[in-house]
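Just below is one structure, and these are the notes that go with it.
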Amino acid sequence: SLKVAKCVNAACTGVSSIITVDDPVNFVGLYTSIAIGADGLPVISYYDNTAETLKVARCANADCTGAATITTVHDAANDVGAYGAIAIGADGLPVISHYDVTASTLQVAKCNDAACAGPATITTVDDPGNTVGLYTSLAIGADGFPVISYYDDTANSIQVAKCNDTA
């Protein structure tokens, strides 16, 4: 299951609250990444290992104690969504880098609303024939465009991709 730990103070000392956000029959909660939306609500990307899909949970409140909105963001014929990283774009919408396990490529999902509840724009960012896209990390540049670091397993090297638009 997908769980969130909410610290009681900035130093995260003391007893944290542990909240179960998604607990389906499926094996979920791998490769988690969290961001705080423009509205102050946590948005979590994670991998559904059973369905082999990328999912997002948007908490109903800042503590994640209410019922979260759970969305399957990318559900392709391929095994997608591993090694995800999430950031909030300048437009307030989540952007998620992830690995397409079947195609061995780096992909990005750009959500069309704050909860990723509508269909996302899915883009293959790097597909050179190498196995690329593992262990992604994502940040939004000063220009509002995503910058992604990821691992090229074939070349045994780290790569960086700078997107040329917000999606």
Quiz item: What residues of segment 142-166 lie in the reach of a label at residue 134, counting those whose backbone N is under 18 Å from a point 7 Å from the Cα along Cα→Cβ?
Solution: 149-161
Self-check item: Dipole moment magnitude, nearest 20 debye, segment 1-60 about Cα centre, only Lys, Arg, Asp, Glu C-beta charged
Solution: 180 debye
Quiz item: Which aspartates and glutamates, on any chain, are close to residue 162 with Cα under 14 Å apart, when same-chain ones fewer than 8 places away are left out?
Solution: 126, 143
Self-check item: Among 51, 66, 87 the positive-end extreme of the charge dipole of segment 1-126 (Cβ point charges)
Solution: 66
Practice problem: Note down the magnitude of the dipole of segment 1-106 about its Cα centre, charges +1 on Lys and Arg C-beta and -1 on Asp and Glu C-beta and zero elsewhere, to the nearest 20 debye. | Solution: 320 debye
Self-check item: Order by protection proxy (mean Cβ within 10 Å, highest first), peptides 146-158, 46-58, 102-114, 129-141
Solution: 46-58, 102-114, 129-141, 146-158
Quiz prompt | Surface per residue (accessible, 1.4 Å probe) for the chain, Å² | solution = 46 Å²
Quiz item: Where Rh denotes the Kirkwood radius from the mean inverse Cα pair distance, what is Rg over Rh for segment 1-159?
Solution: 0.98
Quiz item: In nanometres, what is the gap between the two model label sites at residue 127 and residue 30, each 7 Å from Cα along Cα-to-Cβ?
Solution: 2.3 nm
Quiz item: Taking the Cα-to-Cβ direction at residue 156 and at residue 15 and moving 7 Å from each Cα, how far apart do the two end points lie in nm?
Solution: 4.9 nm
Practice problem: Only Lys, Arg, Asp and Glu count, each charged at its Cβ (+1, +1, -1, -1), so figure out the dipole size of segment 58-113 about its Cα centre, rounded to 20 debye. | Solution: 60 debye
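The values are calculated or read from the model by the stated rules, or taken from the named source; none is laboratory data. Since the structure is predicted, the reported quantities are computational estimates derived from the model, not experimental observations. FYI the Cβ positions are ideal-geometry reconstructions off the backbone, even for glycines, and counts take in every protein chain you see. For the accessible areas, the whole protein counts, side chains as well, though only heavy atoms, and no ligand, DNA or RNA atoms are used. Shrake-Rupley method; radii C 1.70, N 1.55, O 1.52, S 1.80 Å.
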